[in-house]
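A short reminder: the numbers here are calculations on the coordinates, not readings from a lab. What you are looking at is a predicted structure, and each value in this text was computed from that prediction instead of being measured. Neighbour counts run over all protein chains shown; Cβ positions are idealised from the backbone, glycine included.
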Amino acid sequence: MPHRPPTFPLVTPPLLVTLAVLASAPLWLQSVGLYQYVAVEIVIWMMFALAHNLLLGHGGMPSFGHGAYFGVGAYAIGLLQQRAGAGLVDGMLGSALCAAAVGAVVAAFISHRRGIYYALLTIAFGQVMWFVAIKWHSVTGGEDGLQKIARPPLRLGEMGWSLTSNESFYWFVLAVFALVLVFLWRVVHSPWGRVLRAIKQNEMRAAFVGYNVWLYKWSAFVLSAALSGLAGSLFAMAQNSAYPNVMSLHNSGFVVMMVLIGGGLVSFWGPVIGAAVFILARDLLGAYTEAWLLWYGLLFMAVVLFQPEGIAGVWQAWRRRRHAAATARGIGAAATSEREA
Amino acid sequence: MALFEARRLHKRFGDQVVLEDVSLTVMHGELRGIMGPNGAGKTTCFNVLTGRYKPDRGQVMFDGEDITGLAPRQVARRGISRSFQIMSLFDEYTAIDNVVIALPCVRSRGWSMLRDLGRHASAYDEAATLLQRVGLAGKEHVPSRSLSYGERRALEIGVALAAQPLMLFLDEPTAGLGTEGTARLRELVESLKRHLAIVIIEHDMRFLFSLADRVSVIHWGQVIAEGTPTALRQNPWVQRSSLGGLSS
């Protein structure tokens, strides 16, 4: 069949490789000079970056204030634990719901916009929430933040595991990440994800073939906010605290840098690569110089200038070249054998 | 009964009147042409008729229903489809994906988040058939931005047809096409004629007059003449105006 559609199996080699590398991390981390906590942080940021890229890469919606939803998740888990006695799973789901609710309100104000107006509005809303986090002392603890956020044990029926050690918490975070990863992989290839990508390419045409563009953009924002909140709740448990810092423009900028450097615009895997590169650069460059962000910023500028498709883009270009070379060799060989025959 | 009826449409942008008292009736299966000089309001007229702009006054009826001021997606869902003068495709997507996204059966599953669209084989079969119909067989998996200009024009119509419309609006479909491309387009439009109502804005008079059942001439935002191509050739205004060169 000449028109066989491209299908996307649930489990693919890159997915297995990613999970295998992450799952084996506790075995080799220390021998390369890393430590368990950094792996926890990397996986959480990967989750956040994937959630963000649902908007930026797949939906073409430049959300530059996305730290807000990560932050709502972080504060929500603390408040749910301390005021409502939430445990692990219910606390995380509650945090995701809170972030989704906040995202739903914000998205209602911005989903008819695009491009630079969209970006500016997301920044404005992000700043509003950062300000609320600083000023609303009675709830957020102001600049002191929320302290003593626990890592409640994981309970499955009769069994229970403590997550207080960084290693056990890492396994838990990785399991949640794997679920989110498979879910998002499915989502971006589902009809909904493909419509979202069509809207990114041409909003007007999508409307004229009958799609409710606004509702698709709105729902993408809500989903992205929910997953960002989920990542935020893990982050607060990892840090045992939540500070206004998580909502800052800084954090919102970091996730954009991760997505772009990794190549989220051209590849599903971009945010995964980008988050790892970012946190590792922070730790490795940070060991040499306080000004690591300066060097990282220069790297970011170089990527945007010379390689806007990011690391994943370099990889894809290399594979294309190799494929083209192989095809050319194949044709050459066929031509030779034809002449000889 | 007319399939489509626009009654006394008015539209102004600021103090500039772009449509004044425009009325248009299209019967089932009719092929209607719209001609007029540049800036006469033809494209604005299309935009009002297909829901992109709301008319200031007047009414648009389709299939017995008042569709005045409905959003483009609502107009599209009632069975009106259009192509664009400035090409408007999903550039990253392959030709077949452009069509697949526009199919009603995919649109109705648009909220499904967990199944793989690629496994929806019947949609891809349907899209492949449609691509064949507009002359793009063999180009299914070419990204639409890599298609030639003429192929992109054909895909524009393919995407519009994918929605299975009762009525199709084509905005300057021959723009930028050479003689060969225009000839191929004529074949395509002829094959569509009578299967659905078609309205074409066109500069190419020979193209339009050889295909259309009736033609409306728009100038200064008004319909200044209307009739069959034969009758219009006799119209003194049409003969006098720069549109006249039809005898050539």
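Here are the numbers:
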item	result
Cβ charges +1 (Lys, Arg) and -1 (Asp, Glu), total dipole of the protein assembly as shown, debye	560
Over chain B: Kirkwood hydrodynamic radius from C-alpha pairwise inverse distances, Å	18.8
Under 27 Å from the Cα of B:K42 - lysines, other chains or at least 8 residues apart	B:K11, B:K54, B:K193
Gyration tensor (alpha-carbon) shape descriptor, segment B:3-61, a/c threshold 1.5	oblate
Between helix A:270-288 and chain A: long-axis angle, C-alpha atoms, 0 to 90°, nearest 10	60
Centroid-to-centroid separation of segment A:102-140 and segment A:35-71 [C-alpha atoms, Å]	16
For B:V199, residues with placed amide H under 5 Å, excluding near neighbours	B:R32, B:L168, B:F169, B:L170
Residue with peak Gaussian network fluctuation, chain B [Cα springs, cutoff 10 Å], from B:A95, B:A160, B:A175	B:A175
Approximate spin-label separation A:A328-A:K148, in nm, with each point projected 7 Å along Cα-to-Cβ	6.8
Diffusion coefficient, µm² s⁻¹, Stokes-Einstein with Kirkwood Rh over alpha-carbon pairs of the protein assembly as shown at 10 °C and 1.306 mPa s	59
Tilt relative to chain A, helix A:67-84 - C-alpha long axis, 0 to 90 degrees, to 10	40
Cα-centre dipole for segment A:176-321 with unit charges at Cβ (Lys and Arg positive, Asp and Glu negative), debye to 20	640
GNM flexibility winner over chain A from A:V255, A:V176, A:V246 (Cα, springs under 10 Å)	A:V176
Global form of segment A:158-313, assessed from the alpha-carbon gyration tensor, a/c cut-off 1.5	oblate
Degrees between helix A:310-340 axis and first principal axis of chain A (Cα, 0 to 90, nearest 10)	20
Distance in nm between pseudo-label sites at A:W161 and A:Q316 (7 Å out along the Cβ direction from Cα)	3.5
Segment A:106-202: C-alpha gyration tensor shape, a/c 1.5 cut-off, then a/b vs b/c	oblate
Sorted by Cβ neighbour density within 10 Å, fewest at the top, the residues A:M247, B:M1	B:M1, A:M247
Among A:E41, A:E143, A:E309: highest mean-square fluctuation, GNM of chain A, C-alpha pairs under 10 Å	A:E143
Cα→Cβ-extended label distance, 7 Å offset, between A:V105 and A:T7, nm	4.5
Gyration tensor (Cα) of segment A:30-308, equivalent ellipsoid semi-axes in angstrom	28, 23, 19
